[in-house]
Amino acid sequence: MSATTFPFKENAYTLYSNALCPYAQRAVRAFNLAKVPYVVEEIDLKNKPDWYHLVNPQLKVPALRTPDGTILIESLVIAEFVADQFPESGLLSTSATERAQLRLFIELFSTRISPFTYKVMTSAEVEDQEKAAESLLAGIRAANDELLRQWERPSGKGGPFWYGSKFGFAEITTVSFVGLFVGLKHYRGFEVPETKEYEAFNRWKTAFSQHPGFTDVKPEDATLIEAYKKFIPASKN
């Protein structure tokens, strides 16, 4: 392949992805839930193709080439594009208030859950691991409280998903990061407590963990555990 070209399917959505990347999984779930046909170009993140900079100069996944040749990057941008491009999928509410409430939940994951998930794994010192775990649990409690608030709203319909019985945009954009907890349990012994302050979060996690929207995209636990080994610092003598 020439240095000025890259692979894509004509008149189709081409998604440049990696099955192990929680961000790329957002885009995959958006297409799957919207029932929109697409093709995947799997990107080896350890050995990126020479042409990939032509798709995404940042060399990250996911990236999307639309049928008209437009290139989109960033997982939330792509997921929201799919929801807006195919409104019949019902992935996003038409209510500005409901969309704003949903964005706050997604932002909570971006700032208070995902960063500390990685920090628990990457911290070499036990003290740092414990501090990161405390921060992660605080973020999970905040998510728990947001779920309780949402389930009291008309759009929440009592749960167990953000939009009642529907696995939707909230799950598309967040569940990948809860999927990382398998690595935390294996390497750090971290688990979300089965106590009242985490009850809503655990109810939500149980519901989405059994839904095809999650299971059809999530890699096997053993595959994830092996992949996350690279985040674990070597033991000190």
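At a glance:
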{"quantity": "Flag for residue 166 being surrounded by fewer than 18 Cβ atoms within 10 Å (Cβ to Cβ) and closer than 26 Å to residue 62 by Cα", "calculated": "yes"}
{"quantity": "Residues of the range 33-51 classified as surrounded by 10 or more Cβ atoms within 10 Å (Cβ to Cβ) and out of contact with any Asp or Glu (no Cβ under 9 Å at 6 or more places or on another chain), total", "calculated": "11"}
{"quantity": "Only one of 206, 173 that is assigned by TED's automatic domain parsing to the domain that holds residue 135 and loosely packed, with under 13 Cβ neighbours inside 10 Å", "calculated": "206"}
{"quantity": "Residue count, the range 109-166 (criterion: over 29 Å from residue 93 (Cβ atoms) and not hydrophobic (A, V, I, L, M, F, W, C))", "calculated": "12"}
{"quantity": "Residues (within 23 Å of residue 90 (Cβ to Cβ), surrounded by fewer than 20 Cβ atoms within 10 Å (Cβ to Cβ) and either in contact with a strand residue (DSSP E or B) (Cβ under 8 Å, 6 or more places away or on another chain) or β-branched (Val, Ile, Thr) (or both)) located in the range 14-32", "calculated": "none"}
{"quantity": "Flag if residue 182 is farther than 15 Å from residue 132 by Cα and either of a type in the set (Lys, Arg) or buried (at least 20 other Cβ atoms within 10 Å of the Cβ) (or both)", "calculated": "no"}
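The values are calculated or read from the model by the stated rules, or taken from the named source; none is laboratory data. Model, not experiment: these values are computed from the prediction. Positions of Cβ are generated from backbone atoms using ideal geometry, with glycine treated the same way; all protein chains shown enter the neighbour counts.
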